[in-house]
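Chemist: My structure is below; once you've seen it, I'll send some questions.
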Amino acid sequence: MSAAIGEIGPPVLFVGDLGRAKAFYTETLGFALGFEDETSAGVMMGEDIFLLVTVASATDMLPGEALGTPRGQRSVGLFNIFVENVDEAFEGLKAKGVAFIIEPMDRYWGRRTAHFKDPDGVIWEISQSIE
């Protein structure tokens, strides 16, 4: 068995409108803003961080790549948020205007989940154990 190349860093989400994305993640979902500049922001999920980067800035980082957001595209994955109570989180987010694509349901693998998209089309799951 070989050693891993390294450790994973923070996920980076490309966003169309940085202000809209920051508001969604901080005001609607309640995450803390770790830092920000004109083209990016670090959003804190407890001790973990993920980055929001404008498509224009990402294009500077990755010249020659066709970049965008997943809005209107096929999704290639999702992010998961573990919560104490999916139904309470669902109702609280719905009251803030979050549109869910799948309402709370029990899954055969032992979790209760619900799913929504951020303003740029990234799918998020809220999830709790039902064991």
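The values are calculated or read from the model by the stated rules, or taken from the named source; none is laboratory data. Everything numeric here is computed off the predicted structure, so don't read it as measured data. Methodologically, a virtual Cβ is constructed for each residue, glycine included, from the backbone with ideal geometry; neighbour enumeration extends over all protein chains shown. The area values use the complete protein model at the heavy-atom level, side chains included, leaving out ligands, DNA and RNA. Shrake-Rupley method; radii C 1.70, N 1.55, O 1.52, S 1.80 Å.
Chemist: Just to be sure before I move on: is Tyr108 hydroxyl-bearing (Ser, Thr, Tyr) and surrounded by 19 or more Cβ atoms within 10 Å (Cβ to Cβ) in the structure I sent?
Modeler: No; evaluated as a whole, the condition is false for this residue.
Conditions tested, residue by residue: (1) β-branched (Val, Ile, Thr); (2) within 16 Å of the chain's Cα centre (by Cα); (3) closer than 20 Å to Val12 by Cβ.
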{"position": "Leu67", "(1), (2), (3)": "no, no, yes"}
{"position": "Arg71", "(1), (2), (3)": "no, yes, yes"}
{"position": "Ser75", "(1), (2), (3)": "no, yes, yes"}
{"position": "Phe79", "(1), (2), (3)": "no, yes, yes"}
{"position": "Glu91", "(1), (2), (3)": "no, no, no"}
{"position": "His115", "(1), (2), (3)": "no, yes, no"}
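Chemist: While we're on this one: Quick check on the stretch 2-23: of everything there that is of a type outside the set (Gly, Ala, Ser) and more than 20 Å from Ala58 (Cα to Cα), which residue is farthest from the chain's Cα centre (by Cα)? Working first, answer last.
Modeler: Of the residues in the stretch 2-23, the ones of a type outside the set (Gly, Ala, Ser) are 5, 7-8, 10-15, 17-18, 20, 22.
Checking the rest, the ones that are also more than 20 Å from Ala58 (Cα to Cα) come to 5, 7.
Numbers: Ile5: 25, Glu7: 20 Å.
Selected residue: Ile5.
Chemist: Also: Would you confirm whether or not the stretch 42-54 contains a residue that is over 14 Å from the mean Cα position of the chain (by Cα) and touching a residue at least 24 places away in the same chain (Cβ under 8 Å)?
Modeler: Looking through the stretch 42-54, at least one residue is over 14 Å from the mean Cα position of the chain (by Cα) and touching a residue at least 24 places away in the same chain (Cβ under 8 Å).
Chemist: Okay, moving on. Please determine whether any residue of the stretch 1-10 is out of contact with any His (no Cβ under 8 Å at 6 or more places or on another chain), under 25 Å from Gly97 (Cβ atoms) and not basic (Lys, Arg). Don't jump to the end; show me each part of the working.
Modeler: First, the residues of the stretch 1-10 that are out of contact with any His (no Cβ under 8 Å at 6 or more places or on another chain): 1-10.
Adding the requirement that they be under 25 Å from Gly97 (Cβ atoms) leaves none.
Checked against the condition, which is being out of contact with any His (no Cβ under 8 Å at 6 or more places or on another chain), under 25 Å from Gly97 (Cβ atoms) and not basic (Lys, Arg), the stretch 1-10 yields no hits at all.
Chemist: Here is a further query. With the requirement that a residue be among the hydroxyl-bearing types (Ser, Thr, Tyr) and more than 15 Å from Asp118 (Cα to Cα), what does the stretch 32-54 give you? Explain how you work it out, then say what you get.
Modeler: Restricting attention to the stretch 32-54, the residues satisfying the condition of being among the hydroxyl-bearing types (Ser, Thr, Tyr) are 39-40, 54.
Across the stretch 32-54, the qualifying residues are Thr39, Ser40.
Chemist: Can you run down the residue pairs with Cβ atoms below 6 Å, 6 or more apart or on separate chains, where the first is in the stretch 106-131 and at pLDDT 95 or above and the partner is open to solvent by 60 Å² or more (accessible area, probe 1.4 Å) and among the aromatic types (Phe, Trp, Tyr)?
Modeler: Trp124/Phe79; Ser127/Phe82
Chemist: How do the strands (runs of 3 or more DSSP E) wholly within the stretch 3-85 filter down when requiring 2 or more residues that are surrounded by 13 or more Cβ atoms within 10 Å (Cβ to Cβ), in contact with a helix residue (DSSP H, G or I) (Cβ under 7 Å, 6 or more places away or on another chain) and among the hydrophobic types (A, V, I, L, M, F, W, C): which remain?
Modeler: 12-15, 40-45
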